Structures are given as structure tokens and as C-alpha cells.
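The values are calculated or read from the model by the stated rules, or taken from the named source; none is laboratory data. Being a predicted model, the structure only gives us computed values, none of them experimental. Every residue, glycine among them, receives a Cβ derived from its backbone with ideal geometry; neighbour counts consider all protein chains shown. What goes into the accessible areas is simple: the full protein's heavy atoms, side chains included, and nothing from ligands, DNA or RNA. Shrake-Rupley method; radii C 1.70, N 1.55, O 1.52, S 1.80 Å.
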Amino acid sequence: MNKSCTTNLPYTMRAIVIHEPGGPEKLIEETLPVPELRSGWSLVHIMARGLNHSEVFTRQGLSPSVQFPRVLGIECVGKIALSTDEKRLPTGQHVVSLMGEMGRAFDGSYAEYVLIPNEQIYPVTSMLPWVTLAALPETYYTAFGSFKNLRLEDGQSVLVRGATSGVGVAFAQLVRAAFPHVHLLGSTRSAKRTVSLLQAGFDEVVLDVDGHVQLGGRQLDRVLELIGPATLKDSCRVVREYGIVCSTGQLGGAWYMDGFDPIVDLPPNGYITSFYSDNVDQLHLDELFSFVEREHVDVVPVRVFSLSHMADAHAFLEDSDGFGKVVVVNDEEDSRR
Ligand SMILES: NC(=O)c1ccc[n+]([C@@H]2O[C@H](COP(=O)([O-])OP(=O)(O)OC[C@H]3O[C@@H](n4cnc5c(N)ncnc54)[C@H](OP(=O)(O)O)[C@@H]3O)[C@@H](O)[C@H]2O)c1
């Protein structure tokens, strides 16, 4: 398709390309052709994208299925620039997209435009600013899914294992906004992160020592397990009767469990659930956006970078001890919409 015949789209765009694995300096700004439209895919003009630790791993060459050169970026928010589904995704429609091999099997969101399969593009009606919207997919989507699956009620106690993670802190924001009387505990391996966790909304910080959470024999109503199979059995131990554990993360580096006897190891009359962000659906996203607006959830990115400073954004994400989502806009002034 000759873009200039039908639209005001440029022929080229700025993109951050990686040709070989390595440090942040391997993320190089280049001029690429704006992708050509193809059947069943639509072109999104990206306004902002949130960064994820998985992109750091991919940059380091730890995602064997990702072939270089590649434009990374597994999520974005923006507007439809060219559509193959004018009914559901009309030109100009505000949209979000996440996961589904964007930035892995095909070029992703570290660019001004991205071509995405239609089924992976979700219209949004939210009036939240672009930088706030960009902080929501993936991290908040995962936290929200876990939050719902835990069926939390006000007044209950809930422990987040791996509380200093992005998902852990997002979960804390959701709980704080909706349930003022929930007792929210967060675990960390490092006592020096206590103050930051309290500032992030946790009521109490407990230590995780060699896979055992230090609760002094107390029993809780709910656990969000982000360390995963490495500590799931220990989490079941601290949940009281009829309690729920939601196993969402694998920070402990174990993906599977040996030696777990559900009859003995589950909390008495209790439940285990999980959440997987690859199961994206429009209803769930709409619910998240309205929840954030309605409950005034405090979603402020910890840092906003411009596209030209993607390498700095990666370096910050890798080195930072801080919490929260890093968002990258195309240009500095974009962060004000
Ligand atoms: N189910 C899904 O669909 C889904 C979606 C998104 C993310 N996730 C998973 O959710 C988890 C959180 O993701 P994230 O991106 O928010 O994480 P993140 O921000 O990278 O988490 C960093 C934190 O992990 C903790 N940590 C690191 N290594 C650990 C270990 N060996 N044992 C215990 N804690 C360790 C550290 O806490 P301390 O130093 O304070 O202990 C650190 O502050 C990850 O496992 C991720 O894969 C799952």
C-alpha cells in the first residue's frame, strides 16, 4: 500500500532496534519504514509504552525464541492509524495492546508505530492520561486479575510475597484504593526495604528468610504468592481455614513443584488459584480501567523517559531500587496528555 496516497502517515518512523544481546547501549535509535498494513492486522500510532523486566532479559539474550534484530516492547497505548477492521478498530480509536508475541516474534512497541494482529488490540474509552494508561497493561492487569481471584473482603488480612516487585506494589495500590480496612502485609528478603514498602501502602513488612515467611505463627486470610512454587507450600502453611492463595509469580526461579501433597499441604478447606496475563480479554481490561478511575488508584509511573532515551530507561529499570512502572513516551511533551 502507498501510504501517502491514502493517509497523512509518514513513510518512516523512529524505532529502537537491538541487533545483538548486551547492555542498554545495544538499544539503538534508527529510522525504519512505517510497517505496511496486512490483512487481519492494524497499524497503531503509539503514544506511550510501559517497560517490563522481561524486556531486560530479552535484551540480555535470555529469551532464546527472540531473533535479533528486533524492535522490543510487549505493550503499548496509542491510536489506530490504519485499520483492517474499521468497525471495531476505527481510525483514531484509542487502544491498548499487550503480550501475544509483540516485541518477540514480531517487532514491538519501542517505535512510533507498530503493526499488531487485530485480535490483540483492545479499544479503550478511558479518559486517563496516556502515561497513566501506559502504566496499566501487564503489571496492573496481572495485579488486578490476582486481586479479583483472591476474592478479598474488607477487614481481612492479605500477605504479598515478593512485595517489592512491580506486581506486588501495583496490588498494594489496588487494595488500598478499594479496602481501607484490609491489613496488608508485604514480604521482602531485605529489611532495608521496609520504609519504602510502608510508603507504598503496606501496613506491615515481614521478612522472607530462606523461603520461610516470618509471621511468628500468625494465620492470614489470603496470600498473593509472587515468589511462586519455591515458597507456595510455605504460603499454604500461613493461611487459615477457608483461606485463598493466588500463585501468580515465579520470582524464586522455580516453575514447578515437587513434593506437594494437596490433601495435606493445602490450607484446611482452603483454595489455590492463579492468574495468567496472557489470557487478555476486553471485559477484564475495561473493568481494570474503570476500577482505576472510580477508586482513584494512585497510578503514577516512577519515571517517564522519551523514546530517544530508551537505553537510559533500561539502565534505570535494571539499577533502580525504587518501585513502580517505568513509562516511555515518544517525546517529552507527550507525557503531559
Ligand atoms: N502470571 C502472570 O501472568 C504474570 C504476569 C506478570 C508478571 N508475573 C510474574 O510476577 C512476578 C513479579 O513480576 P515483576 O516484574 O513485578 O517483578 P520485579 O519487579 O522484577 O520483582 C523484583 C523483586 O523480586 C524479588 N526477588 C528477586 N529475586 C527473588 C528471589 N530469588 N526470591 C524472592 N524474591 C526475589 C526482589 O524482592 P526483595 O529483594 O525485596 O526480596 C525484587 O525487589 C514475576 O515472577 C513475574 O514473572 C506473572
Original post:
Could you give every pair whose Cβ atoms fall below 6 Å, whose first residue belongs to the stretch 178-196 and is under 16 Å from V238 (Cα atoms), and whose second residue is within 9 Å of the ligand (Cβ to nearest atom) and among the basic types (K, R), counting only separations of at least 6 or pairs across chains?
Top reply: S187/R161
**OP:** Only residues that are of a type in the set (V, I, T) and either in contact with a helix residue (DSSP H, G or I) (Cβ under 7 Å, 6 or more places away or on another chain) or within 16 Å of the ligand (Cβ to nearest atom) (or both): list them for the stretch 257-291, please.
**Re:** I272, T273, V280
**OP:** Filter the stretch 83-102 for residues that are open to solvent by 40 Å² or more (accessible area, probe 1.4 Å) and in a strand (DSSP E or B) and give the result.
**Re:** H94
Original post:
Looking at (1) at pLDDT 95 or above; (2) open to solvent by 20 Å² or more (accessible area, probe 1.4 Å), can you tell me which one C76 breaks?
Top reply: (2)
Subject >> Selected residue [touching a Cys at 6+ places or on another chain (Cβ under 8 Å) and open to solvent by less than 40 Å² (accessible area, probe 1.4 Å)] from L150, L197, L185, L159 >> reply: L150
**OP:** List every residue pair whose Cβ atoms lie under 7 Å apart, where the two residues are 6 or more positions apart in sequence or sit on different chains, the first residue falls within the stretch 98-116 and is closer than 21 Å to H314 by Cβ, and the second residue, located anywhere, is open to solvent by 30 Å² or more (accessible area, probe 1.4 Å) and hydroxyl-bearing (S, T, Y).
**Re:** R104/S65
Original post:
Among (1) over 30 Å from H183 (Cβ atoms); (2) open to solvent by 20 Å² or more (accessible area, probe 1.4 Å); (3) in contact with a strand residue (DSSP E or B) (Cβ under 6 Å, 6 or more places away or on another chain), which single condition is L51 missing?
Top reply: (2)
Original post:
Here are some conditions: (1) modelled with pLDDT of 95 or more; (2) under 26 Å from A200 (Cβ atoms); (3) in contact with a helix residue (DSSP H, G or I) (Cβ under 7 Å, 6 or more places away or on another chain). F323 meets all but one. Which one does it not meet?
Top reply: (1)
Original post:
When the stretch 265-296 is examined, which residues are found to be small (G, A, S), within 26 Å of A177 (Cβ to Cβ) and in contact with a strand residue (DSSP E or B) (Cβ under 8 Å, 6 or more places away or on another chain)?
Top reply: S274, S277
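Residue-by-condition table, conditions (1) in contact with a helix residue (DSSP H, G or I) (Cβ under 8 Å, 6 or more places away or on another chain); (2) open to solvent by less than 60 Å² (accessible area, probe 1.4 Å); (3) at pLDDT below 95:
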| site | (1), (2), (3) |
| --- | --- |
| D221 | no, yes, no |
| C246 | yes, yes, no |
| G252 | yes, yes, yes |
| W255 | yes, no, yes |
Original post:
From the residues in the stretch 297-316 that are in contact with a strand residue (DSSP E or B) (Cβ under 7 Å, 6 or more places away or on another chain) and assigned to a loop (DSSP other than H, G, I, E, B), which one is least open to solvent (accessible area, probe 1.4 Å)?
Top reply: P301
